[in-house]
Amino acid sequence: MNKKTLKDLPDAFFRGRRALTRVDFNVPLDADGSVADDTRIRAALPTIDYMADRGARVVLFSHLGRPKGGPDPRYSMASVARRLSELTKHPVRFHGSSGDEAAAVATRGLADGDILVLENTRFHAGEEKNDDALSESFAAAGDFFVNDAFGSAHRAHSSTAGVTAYLKPAVAGFLMEKELDYLGTAVAEPKRPFVAILGGAKVSGKIDVIEALLPKVDGLLVGGAMACTFFRAMGLETGKSLVEPDRVDLARSLTDRAGFRLTLPHDATVAPSLDRPQLAHAVRRDAIPMDEAMFDIGPETIASYARAIASANTVLWNGPMGVFETPPFDAGTLAIAQAMAEATGRGAITIVGGGDSAAAVARAGLEDRMSHVSTGGGASLEYLEGKSLPGVAALEDR
Ligand code: ADP
Ligand code: MG
């Protein structure tokens, strides 16, 4: 990677220095305000512990939820700090503000190896405007800057981009580095054959990714409701399936340009509606009944996609193959996850991007059997599209 990372700082650099670290602690909360899923907190631990182990005074800040530009106790980082304290051996404290004098003062009371969690960055209206004065105030809480919030890197906010104007060095944390390495390298220099699998609800959100991947892949396999827009472009009946009528022409042009590299499902699992899963049945793609909808790829497609994965050396997957939230329409999604886990086992690089795909992999218990499961939904898509992420661009070059 061409950006400076923690490994570019000598071990002796850390002791006594305040490491202002932008993490992605935008975690789901339970109704009682406690952390419902701590995946993102655990994902930042390597960076946090590495610095605290070396005597840094680690100052963490993040956004959480969508408060309306002012303090809102429902989105306080206090419960995140509590959860973090259960995951690290270093002392964790919480301070109820960020980007102000009081927060900077609180950091002065830290001992080497201490961790301080600051309050939600979005309690400031200036955060999402990349407000310059706020950036400077954030910077006062650190002696150097670390960005480990890959999931927020596609936004130019005060805490992700602006702050780097006031705090140097500004380097990538380990999670950020891993994300950029896997997502970047997969596309730039894949071990071939390179197979991409794209699914999800809408073509519209994935057009740029398809465009960016097409020239790079050996095969691009399409699933999810997205496939139905392509079916419509082929003149097939799609029944009650989710189709984006205004993207049909685009789907046709993509198909024409992609040639043999683009594969659409051969068959579909359909049902009259989602609430009647017991009526699910498989049909050929040219036999989708007018009064039913495709909710998953069919068994033949599952088998053929699994074969493609089995012969690939790099597999990139974004977007569920069906409505995986409602069994039995999770079959295609689970089969892809399983095939990828097996591919990892024989040495292939396997990468999962996208919030729902990552959730499906977690539900299948296969997270540890992927080379990389990206923590950044929108950010991973934008990065795969080849866009420059403001939070990454703001870090120092090597
Ligand atoms: P990701 O978050 O992994 O990028 P998306 O957000 O693009 O994935 O898509 C996930 C959604 O797509 C899921 O909620 C899933 O139910 C929906 N979906 C997948 N296939 C279908 C289908 N055939 N019909 C309707 N919805 C579908
Ligand atoms: Mg999603």
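The values are calculated or read from the model by the stated rules, or taken from the named source; none is laboratory data. Note that the structure is predicted; figures quoted are calculated from it, not measured. Here the Cβ is made from the backbone with ideal geometry for all residues, glycine too, and neighbour counts use every protein chain on show. These area figures cover heavy atoms from the full protein model, side chains too; ligands, DNA and RNA do not enter into them. Shrake-Rupley method; radii C 1.70, N 1.55, O 1.52, S 1.80 Å.
Observations on the structure shown:
- Check on residue 330, out of contact with any Asp or Glu (no Cβ under 6 Å at 6 or more places or on another chain), open to solvent by less than 40 Å² (accessible area, probe 1.4 Å) and within 16 Å of ligand 2 (Cβ to nearest atom): yes
- Residue match in region 166-175 (condition: modelled with pLDDT of 95 or more and either among the hydroxyl-bearing types (Ser, Thr, Tyr) or within 16 Å of ligand 2 (Cβ to nearest atom) (or both)): yes
- Among the candidates 310, 303, 212, 268, the residue that is open to solvent by less than 40 Å² (accessible area, probe 1.4 Å), within 27 Å of residue 369 (Cβ to Cβ) and aliphatic (A, V, I, L, M) is uniquely 212.
- Of everything listed in (1) surrounded by fewer than 24 Cβ atoms within 10 Å (Cβ to Cβ); (2) touching a Lys or Arg at 6+ places or on another chain (Cβ under 9 Å); (3) touching a residue at least 40 places away in the same chain (Cβ under 8 Å), the single unmet condition for residue 203 is (1).
- For beta carbons closer than 6 Å, sequence separation of 6+ or different chains, a first residue in region 230-241 that is in the same structural domain as residue 266 (by TED's automatic domain parsing) and a second that is in a loop (DSSP other than H, G, I, E, B) and surrounded by fewer than 17 Cβ atoms within 10 Å (Cβ to Cβ), the qualifying pairs are 239/289; 239/290.
- Restricting attention to region 306-328, the residues that are touching a residue at least 40 places away in the same chain (Cβ under 8 Å) and under 23 Å from the mean Cα position of the chain (by Cα) add up to 14.
Per-residue answers, yes or no, for (1) more than 18 Å from the chain's Cα centre (by Cα); (2) touching a residue at least 12 places away in the same chain (Cβ under 8 Å); (3) farther than 24 Å from residue 139 by Cβ:
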{"site": "16", "(1), (2), (3)": "yes, yes, no"}
{"site": "20", "(1), (2), (3)": "yes, yes, no"}
{"site": "25", "(1), (2), (3)": "no, yes, no"}
{"site": "34", "(1), (2), (3)": "yes, yes, yes"}
{"site": "38", "(1), (2), (3)": "no, yes, yes"}
{"site": "52", "(1), (2), (3)": "yes, yes, no"}
{"site": "60", "(1), (2), (3)": "yes, yes, no"}
{"site": "69", "(1), (2), (3)": "yes, yes, no"}
{"site": "76", "(1), (2), (3)": "yes, yes, no"}
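For (1) in contact with a strand residue (DSSP E or B) (Cβ under 7 Å, 6 or more places away or on another chain); (2) within 16 Å of ligand 2 (Cβ to nearest atom); (3) at pLDDT 95 or above; (4) among the aliphatic types (A, V, I, L, M), each residue gets a yes or a no:
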site: 232; (1), (2), (3), (4): no, no, yes, no
site: 241; (1), (2), (3), (4): yes, no, yes, no
site: 258; (1), (2), (3), (4): yes, no, no, yes
site: 263; (1), (2), (3), (4): yes, no, yes, no
site: 271; (1), (2), (3), (4): yes, no, yes, yes
site: 279; (1), (2), (3), (4): yes, no, yes, yes
site: 283; (1), (2), (3), (4): yes, no, yes, yes
site: 298; (1), (2), (3), (4): yes, no, yes, no
site: 301; (1), (2), (3), (4): yes, no, yes, no
